[in-house]
(Lines give C-alpha, C1' and ligand atoms only; values in the text may rest on other atoms or scores of the structure.)
Protein backbone atom coordinates (compact mmCIF):
# COMPACT_ATOMS: atom_id res chain seq x y z
CA UNK A 1 0.00 0.00 0.00
CA UNK A 2 1.25 3.47 -0.89
CA UNK A 3 0.72 6.07 1.83
CA UNK A 4 1.22 9.84 1.55
CA UNK A 5 2.01 11.91 4.64
CA UNK A 6 0.58 15.46 4.57
CA UNK A 7 1.30 18.15 7.12
CA UNK A 8 2.80 21.52 7.91
CA UNK A 9 6.27 22.27 6.52
CA UNK A 10 6.72 25.95 5.72
CA UNK A 11 7.64 27.99 8.77
CA UNK A 12 8.55 24.89 10.79
CA UNK A 13 12.07 24.09 11.95
CA UNK A 14 13.84 22.19 9.16
CA UNK A 15 10.50 22.01 7.33
CA UNK A 16 9.19 19.56 9.96
CA UNK A 17 11.20 16.75 8.33
CA UNK A 18 11.76 14.90 11.62
CA UNK A 19 8.02 14.65 12.28
CA UNK A 20 7.27 13.46 8.75
CA UNK A 21 9.98 10.83 9.04
CA UNK A 22 8.82 9.72 12.50
CA UNK A 23 5.28 9.04 11.25
CA UNK A 24 6.51 7.49 8.00
CA UNK A 25 8.75 5.11 9.96
CA UNK A 26 5.87 4.09 12.22
CA UNK A 27 3.91 3.01 9.13
CA UNK A 28 6.91 1.22 7.63
CA UNK A 29 7.50 -0.60 10.93
CA UNK A 30 3.83 -1.62 11.09
CA UNK A 31 4.10 -3.27 7.68
CA UNK A 32 7.33 -3.36 5.66
CA UNK A 33 5.23 -3.61 2.48
CA UNK A 34 3.97 -0.05 3.02
CA UNK A 35 5.54 2.43 0.65
CA UNK A 36 5.38 5.71 2.56
CA UNK A 37 5.91 8.98 0.71
CA UNK A 38 6.51 12.39 2.26
CA UNK A 39 6.41 15.75 0.49
CA UNK A 40 10.00 16.27 1.62
CA UNK A 41 11.11 13.17 -0.28
CA UNK A 42 9.27 14.09 -3.47
CA UNK A 43 10.45 17.73 -3.31
CA UNK A 44 14.00 16.57 -2.69
CA UNK A 45 13.95 14.63 -5.97
CA UNK A 46 13.04 17.85 -7.81
CA UNK A 47 15.84 19.77 -6.08
CA UNK A 48 18.41 17.06 -6.84
CA UNK A 49 17.41 16.98 -10.52
CA UNK A 50 17.62 20.76 -10.80
CA UNK A 51 20.77 21.48 -8.77
CA UNK A 52 22.60 18.16 -8.66
CA UNK A 53 22.84 18.17 -4.86
CA UNK A 54 20.46 16.84 -2.21
CA UNK A 55 18.09 19.31 -0.57
CA UNK A 56 19.29 20.20 2.93
CA UNK A 57 16.51 21.72 5.09
CA UNK A 58 19.10 23.40 7.33
CA UNK A 59 20.89 25.04 4.42
CA UNK A 60 18.28 25.65 1.72
CA UNK A 61 15.30 27.89 2.40
CA UNK A 62 12.31 27.95 0.05
CA UNK A 63 9.54 30.53 0.47
CA UNK A 64 6.11 30.87 -1.11
CA UNK A 65 7.37 33.56 -3.49
CA UNK A 66 10.00 31.18 -4.94
CA UNK A 67 9.17 29.48 -8.23
CA UNK A 68 10.90 26.34 -6.96
CA UNK A 69 8.07 25.86 -4.45
CA UNK A 70 5.64 25.53 -7.38
CA UNK A 71 7.77 22.74 -8.79
CA UNK A 72 7.95 21.09 -5.36
CA UNK A 73 4.19 21.27 -4.88
CA UNK A 74 3.47 19.90 -8.36
CA UNK A 75 5.67 16.88 -7.59
CA UNK A 76 4.03 16.49 -4.16
CA UNK A 77 0.57 16.33 -5.78
CA UNK A 78 1.80 13.79 -8.35
CA UNK A 79 3.16 11.70 -5.46
CA UNK A 80 -0.08 12.02 -3.48
CA UNK A 81 -2.15 10.89 -6.47
CA UNK A 82 -0.03 7.74 -6.76
CA UNK A 83 -1.05 6.70 -3.22
CA UNK A 84 -3.94 4.75 -1.73
CA UNK A 85 -4.42 6.86 1.40
CA UNK A 86 -3.23 9.97 3.23
CA UNK A 87 -2.07 10.44 6.81
CA UNK A 88 -2.30 14.03 8.06
CA UNK A 89 0.14 15.22 10.70
CA UNK A 90 -1.11 17.25 13.64
CA UNK A 91 -1.48 20.88 12.64
CA UNK A 92 -2.50 20.16 9.04
CA UNK A 93 -5.42 22.58 9.43
CA UNK A 94 -2.98 25.51 9.70
CA UNK A 95 -0.95 24.47 6.65
CA UNK A 96 -1.93 25.88 3.25
CA UNK A 97 -0.24 23.03 1.44
CA UNK A 98 -1.67 20.26 3.62
CA UNK A 99 -5.20 21.66 3.29
CA UNK A 100 -4.83 21.60 -0.48
CA UNK A 101 -3.38 18.09 -0.40
CA UNK A 102 -6.33 16.86 1.65
CA UNK A 103 -8.77 18.53 -0.75
CA UNK A 104 -7.06 16.79 -3.67
CA UNK A 105 -7.17 13.46 -1.82
CA UNK A 106 -10.87 14.00 -1.12
CA UNK A 107 -11.56 14.94 -4.75
CA UNK A 108 -10.02 11.71 -5.99
CA UNK A 109 -11.55 9.46 -3.36
CA UNK A 110 -8.48 8.80 -1.21
CA UNK A 111 -9.26 8.19 2.45
CA UNK A 112 -7.51 10.57 4.85
CA UNK A 113 -6.61 9.75 8.44
CA UNK A 114 -5.05 11.72 11.28
CA UNK A 115 -1.97 10.51 13.15
CA UNK A 116 -4.18 8.44 15.47
CA UNK A 117 -5.66 6.65 12.43
CA UNK A 118 -9.04 8.30 12.86
CA UNK A 119 -10.81 9.08 9.59
CA UNK A 120 -10.79 12.77 8.74
CA UNK A 121 -14.32 13.77 7.88
CA UNK A 122 -14.52 15.57 4.52
CA UNK A 123 -16.63 18.24 6.26
CA UNK A 124 -13.65 18.93 8.55
CA UNK A 125 -11.40 19.44 5.52
CA UNK A 126 -13.97 21.80 4.03
CA UNK A 127 -14.32 23.73 7.30
CA UNK A 128 -10.52 24.10 7.61
CA UNK A 129 -10.28 25.40 4.06
CA UNK A 130 -13.21 27.79 4.42
CA UNK A 131 -11.90 29.06 7.75
CA UNK A 132 -8.57 29.83 6.10
CA UNK A 133 -10.33 31.72 3.28
CA UNK A 134 -12.33 33.76 5.77
CA UNK A 135 -9.19 34.65 7.74
CA UNK A 136 -7.39 35.64 4.53
CA UNK A 137 -10.32 37.84 3.54
CA UNK A 138 -10.34 39.51 6.93
CA UNK A 139 -13.73 38.14 7.95
CA UNK A 140 -14.26 37.51 11.64
CA UNK A 141 -13.57 33.90 12.61
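The values are calculated or read from the model by the stated rules, or taken from the named source; none is laboratory data. All figures in this text were calculated on a predicted structure; none of them were measured in a lab. We place every Cβ from the backbone using ideal geometry, glycine too, and count neighbours over all the protein chains shown.
Here is a yes/no grid of residues against (1) closer than 24 Å to residue 1 by Cα; (2) at pLDDT below 95; (3) surrounded by 14 or more Cβ atoms within 10 Å (Cβ to Cβ):
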{"position": "68", "(1), (2), (3)": "no, yes, yes"}
{"position": "77", "(1), (2), (3)": "yes, no, yes"}
{"position": "80", "(1), (2), (3)": "yes, no, yes"}
{"position": "84", "(1), (2), (3)": "yes, no, no"}
{"position": "89", "(1), (2), (3)": "yes, no, yes"}
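When segment 72-109 is filtered for residues that are part of a helix (DSSP H, G or I) and on the phi > 0 side of the Ramachandran plot, nothing remains.
Filtering segment 25-59 down to residues that are assigned to a loop (DSSP other than H, G, I, E, B) and touching a strand residue (DSSP E or B) at 6+ places or on another chain (Cβ under 9 Å), which residue is surrounded by the fewest Cβ atoms within 10 Å (Cβ to Cβ)? Filtering first and then ranking leaves 34. Selection within segment 105-128: residues that are surrounded by fewer than 16 Cβ atoms within 10 Å (Cβ to Cβ) and in contact with a helix residue (DSSP H, G or I) (Cβ under 7 Å, 6 or more places away or on another chain). The member of this set that is modelled with the lowest pLDDT is 122.
Residues in segment 1-24 that are without any contact (Cβ under 8 Å) to a residue 24 or more places away in the chain and either in a strand (DSSP E or B) or under 16 Å from residue 86 (Cβ atoms) (or both): 24 alone.
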